[in-house]
Amino acid sequence: RAAANIFRHCQDELLDTALAAVTRTTPTINVQLLKSEGALAALLVAARQPYAVEATDKAPTVISPFERVTRMTLILAAAAETPGQQASLVTNGAIQTIAELLPRLLESSQAAPTATAVVAVRPLSAILNLLTALRRLCEEYPHHILKVGLVDSLVKAFGIALTLLSTPSTSAALETSRPATAVGAFASRFAFASTVGAASASAGAPAGTASTIASTVVRILCQLSFDEDCLEDLRLRKDNLTEPLLKLLESTDPLQEPLLCSRLLLLVSRLIDGRPEACEDMVSFHWDTVVGKAFECIQKRKDIRLAVQQSVRPPSQPANGEAPPGQPLSRTHSSSSIPPEDEAKPTSDAAYIDAVASDAVIAALALLSNVTLVEEGGYSLATSMPHMQCLMTLVNSDDPSVEGSGHLTATRYGLVCLCNLSYYLPMMEEGDEDRAALVSALCLSVTGFLFEGDVEATLEATRLLGNMSRTAEGRRWMEDYEAGDALVLFLGHEDSRLVYNCLGILLNLTADEAHCPSVCKNPEAVSLLLSHTQRLVSGNFSWEIKELVQMLLKNIRWLDTEYNGDEV
């Protein structure tokens, strides 16, 4: 009750004294005060007052206006980081407070660099505190953030941070002039907690405030992109977001900041996912940046894992009371229909290192799975043996740096990319030695996934084999290795997508009169095939499947097999 009364005296020096006491140099900020009756609500009201940001001619008795608001936002960030406080914050209007305060601070930060460097840091520190609180709240309350219009402020904060980083004199001032006060120390602590560039932060180098703001905004936007309404809102701002995101991506070293790099790749992928025009623009105007950074993450995956292992302070070993580095992003798929899983804290240091290292690879593959749908880009990658070999090595690797969690693994993402690229191989000139080598290598690389037990991986493998069956080299390979016999078994699978794919492959094989497939030479295989086709025709299956069955039976009827036309 006393704390609530103190916060209500928002223009009294008693407030300054209370804020100084709450944020004094102690191991943790005393957020227990906010559990007092009305204290949290009173603090949020005080933070929304104009005086808190606008400097006046009257000299402060205890602390300056910027220090006052920085202390307020620091308490807010500490409360958001405290388990069980998020619901209370939202109930008392914390998101609305952030929505009112953040634009004013952003306006102040744009004017601040013309003054002293220390003054420039103060609004940025308060902005970072608000973003730290918002980072926690956006996980459970994305619709609240969308409703109050905070996305505009997030985009503006991201742009301001990049502008400061691109100005050498301003950037240098921001790096060297952080005030050596208790507020500065605590702000650094929470900046460390919110940064996605965990590798560089934990290595001991002080992260710049502007850089940390940009990283935190990326993390918030990445989380918001998994809410469909928020994603659509972000896509409306794609023109203002894409250029800054790719600019930051181009300058981000995945060895130094693997989480920032992975979130940038993932966010760009989410913005263009399922939007052909956006994918075409990405290929036409940003191809070198997107493909270059994606394959850099894939090719350096072992180095990334080693760098994380050596430099990231694991969650189980915080040093000097500091908060742990940012958690890795949730497992995602290139399709926007799959929501993120909960960001559970890793149970061991090894699990944390594996998760951080694999995130960059998964995000890179998610982006590639979108841009490879565009013929211009897809064909250029499909005809590049180094890039294709890189992906084939990835899907067949047992390296822990390419393992995801659960059913969403880097292997499956790699298969999606290979399937997309295999579509363009029939466009290459027949008889081309590179095409023949690629077809053989691709078929061999996915054969093992036919019986892996993961339906989605098997589905991607059959998609790829279907594309290969459109080439003479692919049909010869399947004949040599008697792939048709294995495909007949899948006609009895419960997943109709697999049945459809396998029917298409068998249709292509039997249509090649020059190479009678081995399945048609084996009486037992033909008998099994006919039993499956009878079930498919008479059962409750789609007309597309029944049409494929009829076409397949027509092909078999005219082939020179041990079964005559009447029996078929």
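The values are calculated or read from the model by the stated rules, or taken from the named source; none is laboratory data. Because the structure is a prediction, the values reported are computed rather than measured. Here the Cβ is made from the backbone with ideal geometry for all residues, glycine too, and neighbour counts use every protein chain on show. Accessible surface is based on the protein model in full, side chains and every heavy atom, while ligands, DNA and RNA are left aside. Shrake-Rupley method; radii C 1.70, N 1.55, O 1.52, S 1.80 Å.
A compact table of results
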| read-out | value |
| --- | --- |
| Pair list, Cβ under 6 Å, 6 or more apart: the range 53-77 residue on the phi > 0 side of the Ramachandran plot, other residue modelled with pLDDT of 75 or more and in a loop (DSSP other than H, G, I, E, B) | none |
| Unmet requirement for Leu146, which otherwise passes all of (1) within 21 Å of the chain's Cα centre (by Cα); (2) modelled with pLDDT under 50 | (2) |
| Residue identified as closer than 27 Å to Gln389 by Cβ, in a helix (DSSP H, G or I), among the hydrophobic types (A, V, I, L, M, F, W, C) and within 38 Å of the chain's Cα centre (by Cα) among Leu491, Leu498, Leu503, Leu450 | Leu450 |
| Scan of the range 59-85 for residues that are at pLDDT below 75 and open to solvent by less than 40 Å² (accessible area, probe 1.4 Å), ordered by number | Ile63, Ser64, Pro65, Phe66 |
| Meets criteria (assigned to a helix (DSSP H, G or I), among the hydrophobic types (A, V, I, L, M, F, W, C), buried (at least 18 other Cβ atoms within 10 Å of the Cβ) and modelled with pLDDT under 90) for Val549 | no |
| Count of residues meeting criterion [open to solvent by 20 Å² or more (accessible area, probe 1.4 Å) and farther than 23 Å from Gly474 by Cα] in the range 517-538 | 11 |
| Test: residue in the range 50-58 that is surrounded by 16 or more Cβ atoms within 10 Å (Cβ to Cβ) and either modelled with pLDDT of 80 or more or more than 25 Å from Asp152 (Cα to Cα) (or both) | no |
